[in-house]
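Take a look at the structure below.
The values are calculated or read from the model by the stated rules, or taken from the named source; none is laboratory data. All figures in this text were calculated on a predicted structure; none of them were measured in a lab. We place every Cβ from the backbone using ideal geometry, glycine too, and count neighbours over all the protein chains shown.
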Amino acid sequence: MTRREERELAFTLIFEKIFNSDLTVNEIVDAAIEAELMRSDNLFAISLAQMADEHTDEFDGIIAENAVGWRLERLPKISVAILRLALCEMFYVESIPVKVSANEAVELAKKFGTKDDASFINGVLGKVIREKGLA
């Protein structure tokens, strides 16, 4: 499985967690494996989903600070999941260049969201990159 495919899988796990907050990421992973939607060797995806979950409060704070004019609870859940994933990569996965994480997030938004979601995510991540000096 490619990194892009693993990233997409991580997005779906993070998205699922938003709607099943009473479950752990591991429980969601186990259910996905049982349903044959993923394999136990999708370690990159599982790791990203676990890290994003561990840092949800941190990432939601960053999203809220940088989503000018939007309250977090009013954002599309797809955008929230994609932003959490991108921030996880940008802050905690050193092997992935920040610009790659941002670009992949925009591509996920184009695939699963709307054109507006893609430009919104691009704007939020661009602001984070500039303000945190990540470029």
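Restricting to segment 53-65, give me the number of residues that are within 9 Å of residue 84 (Cβ to Cβ) and out of contact with any Leu (no Cβ under 6 Å at 6 or more places or on another chain).
Restricting attention to segment 53-65, the residues satisfying the condition of being within 9 Å of residue 84 (Cβ to Cβ) are 53, 55-56, 59-60, 63.
Add one more test, that the residue is out of contact with any Leu (no Cβ under 6 Å at 6 or more places or on another chain), and what stays is 53, 55-56.
Selection size over segment 53-65: 3.
For the subset of segment 1-32 comprising residues that are among the aliphatic types (A, V, I, L, M) and more than 16 Å from the chain's Cα centre (by Cα), which member is modelled with the lowest pLDDT?
Initially, segment 1-32 is screened for residues among the aliphatic types (A, V, I, L, M), giving 1, 9-10, 13-14, 18, 23, 25, 28-29, 31-32.
Keeping just the survivors that are more than 16 Å from the chain's Cα centre (by Cα) gives 1, 23, 31-32.
Details: 1: 91, 23: 97, 31: 97, 32: 96.
Within segment 1-32, the match that is modelled with the lowest pLDDT is 1.
Test each condition in (1) polar (S, T, N, Q); (2) assigned to a loop (DSSP other than H, G, I, E, B); (3) surrounded by 12 or more Cβ atoms within 10 Å (Cβ to Cβ) for residue 21 and report the one that comes out false.
Residue 21 satisfies every listed condition except (3).
Checking the condition at pLDDT 95 or above and closer than 18 Å to residue 9 by Cβ, which residue from 64, 35 passes? If you could, list the steps in order and put the result at the bottom.
Numbers: 64 fails: closer than 18 Å to residue 9 by Cβ.
After ruling out the rest, the residue left standing is 35.
Find the residue count for segment 29-81, including only residues that are farther than 21 Å from residue 104 by Cβ and either part of a helix (DSSP H, G or I) or touching a residue at least 60 places away in the same chain (Cβ under 8 Å) (or both).
11
Write out, first by first residue and then by second, each pair whose Cβ atoms fall under 7 Å of each other, whose residues are 6+ apart or on separate chains, and whose first residue, in segment 112-130, is among the aromatic types (Phe, Trp, Tyr) while the second is modelled with pLDDT of 95 or more.
That search, which allows pairs on different chains as well, returns 112/78; 120/79.
Looking only at segment 81-121, count every residue that is farther than 18 Å from residue 45 by Cβ and among the β-branched types (Val, Ile, Thr) and tell me the total.
4
For segment 107-127, does any single residue satisfy the condition of being more than 13 Å from the chain's Cα centre (by Cα), assigned to a loop (DSSP other than H, G, I, E, B) and surrounded by 20 or more Cβ atoms within 10 Å (Cβ to Cβ)?
No, the conditions are met nowhere in segment 107-127.
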